[in-house]
Each structure stands twice: as structure tokens, then as C-alpha cells.
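Engineer: Mind looking over this structure? Questions follow.
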Amino acid sequence: MTPYNVGFADFDSGVTKLCRLRPLVQGEHRSKEEDDLMWEKIREVGHFYDKLDPMPGAVELFNEIYDKYGDKCEILTGIPKPKRGILTAGDDKIAWAHRILSPTFKVNIAIFNFLKIGESIIWL
């Protein structure tokens, strides 16, 4: 089975709509202060991840993959580090995936760490 690396939930749109923060332009990065403000606003929303819209075409892509592989489908999704204080992130992501994509497939939750070296991101 070929692993697919795609995003299903529209995080950037959620930050814009739900947190009322301006979207980033491609290649732009937030300063530490802007990043801290974004996470503060996400905490204030409450159940932020369960309120996100799907990315355009995400449901159709999921259905195509699920039709082909069925119960072999699993999603691996990351949650913010505990220091961000978004304690419902894992449950919210599972609820979102079951509501939007399929109530029966497996959702795996992980806390991702990464190193950024130049333009490369290495997931740990």
C-alpha cells in the first residue's frame, strides 16, 4: 500500500476564520510572538480542530483511497505539544475525522517534533 501524505483539514483557513488572524503568504513564517498569539487564539476558540473545514477535494480524495483500501486505511495526525495547552486537540481531531470522513476508520495521534535545516523539514 502506498502511503499518502496529504492534509484533510484546512488549518490555515481555520486560523483566519476562527481566530481572526491574517493568513500567511506562502513561504512566510510567523515570528515567535505571532506564533504564541496564534496558539493563544486557538486555545480561546475551544475545540478548534473539530471546527475546521475540510480542504477542497479532501473528502473526495479520502473516499477514493478508502474505496480502494477499505479498513487498511489509517490516518496519522499530529497534535500540538502539551506546552500549547490545547488539551482537546487529539479528541477533536478524531471527532472531526469520524464526522467528516468516516466513522469507522482508525485515527492515530502523535506529537510531532521536527528539525528545520534550511528549507528541509525532518520529522522526528
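The values are calculated or read from the model by the stated rules, or taken from the named source; none is laboratory data. It should be emphasised that the depicted structure is a prediction, and the values quoted were computed from it without experimental measurement. Glycine gets a Cβ as well: all are built from the backbone with ideal geometry, and neighbour counts include every protein chain shown.
Engineer: Any idea how many residues of the stretch 58-83 are without any contact (Cβ under 8 Å) to a residue 60 or more places away in the chain and within 18 Å of the chain's Cα centre (by Cα)?
Structural biologist: Within the stretch 58-83, residues that are without any contact (Cβ under 8 Å) to a residue 60 or more places away in the chain and within 18 Å of the chain's Cα centre (by Cα) number 15.
Engineer: Do you know which of the residues in the stretch 53-62 that are out of contact with any helix residue (DSSP H, G or I) (no Cβ under 7 Å at 6 or more places or on another chain) and assigned to a helix (DSSP H, G or I) is surrounded by the fewest Cβ atoms within 10 Å (Cβ to Cβ)?
Structural biologist: That would be Glu60.
Engineer: Can you tell me which condition Ile65 does not meet? The list is (1) modelled with pLDDT of 90 or more; (2) closer than 25 Å to Ile109 by Cβ, and all the others hold.
Structural biologist: The failed condition is (1).
Engineer: Would you point out the residue of the stretch 1-32, among those that are assigned to a loop (DSSP other than H, G, I, E, B), of a type in the set (A, V, I, L, M, F, W, C) and surrounded by 11 or more Cβ atoms within 10 Å (Cβ to Cβ), that is modelled with the lowest pLDDT?
Structural biologist: Checking each candidate, the answer is Val6.
Engineer: Restricting to the stretch 63-83, name every residue that is part of a helix (DSSP H, G or I) and hydroxyl-bearing (Ser, Thr, Tyr).
Structural biologist: Narrowing the stretch 63-83 to residues part of a helix (DSSP H, G or I): 63-72, 82-83.
Correct list: Tyr66, Tyr69.
Engineer: Of the conditions (1) without any contact (Cβ under 8 Å) to a residue 60 or more places away in the chain; (2) within 12 Å of the chain's Cα centre (by Cα), Ala97 fails just one. Which one is it?
Structural biologist: Against the list (1) without any contact (Cβ under 8 Å) to a residue 60 or more places away in the chain; (2) within 12 Å of the chain's Cα centre (by Cα), Ala97 comes up short only on (1).
Engineer: Only one residue in Asp50, Asp35 is part of a helix (DSSP H, G or I) and at pLDDT below 90. Which one? Outline the logic, then answer.
Structural biologist: On the way: Asp50 fails: at pLDDT below 90.
From the options Asp50, Asp35, the qualifying one is Asp35.
Engineer: Another question about this same structure. Could you identify the single residue in Ile86, Ile42 that is surrounded by 14 or more Cβ atoms within 10 Å (Cβ to Cβ), under 15 Å from the mean Cα position of the chain (by Cα), in a loop (DSSP other than H, G, I, E, B) and not basic (Lys, Arg)?
Structural biologist: Ile86
Engineer: Determine which single condition Lys93 fails, assuming it passes every other condition in (1) more than 14 Å from Leu52 (Cβ to Cβ); (2) basic (Lys, Arg); (3) surrounded by 14 or more Cβ atoms within 10 Å (Cβ to Cβ).
Structural biologist: Every condition holds for Lys93 apart from (1).
Engineer: Further question: Say we look at the stretch 25-52 and pick out the residues that are among the basic types (Lys, Arg) and in contact (Cβ under 8 Å) with a residue 12 or more places away in the chain; which of these is nearest to Thr88 (Cα to Cα)? Working first, answer last.
Structural biologist: Initial filter on the stretch 25-52 (among the basic types (Lys, Arg)): 30, 32, 41, 43, 51.
Filter once more, keeping what is in contact (Cβ under 8 Å) with a residue 12 or more places away in the chain: 41, 43, 51.
Working: Lys41: 15, Arg43: 10, Lys51: 12 Å.
So the residue we want is Arg43.
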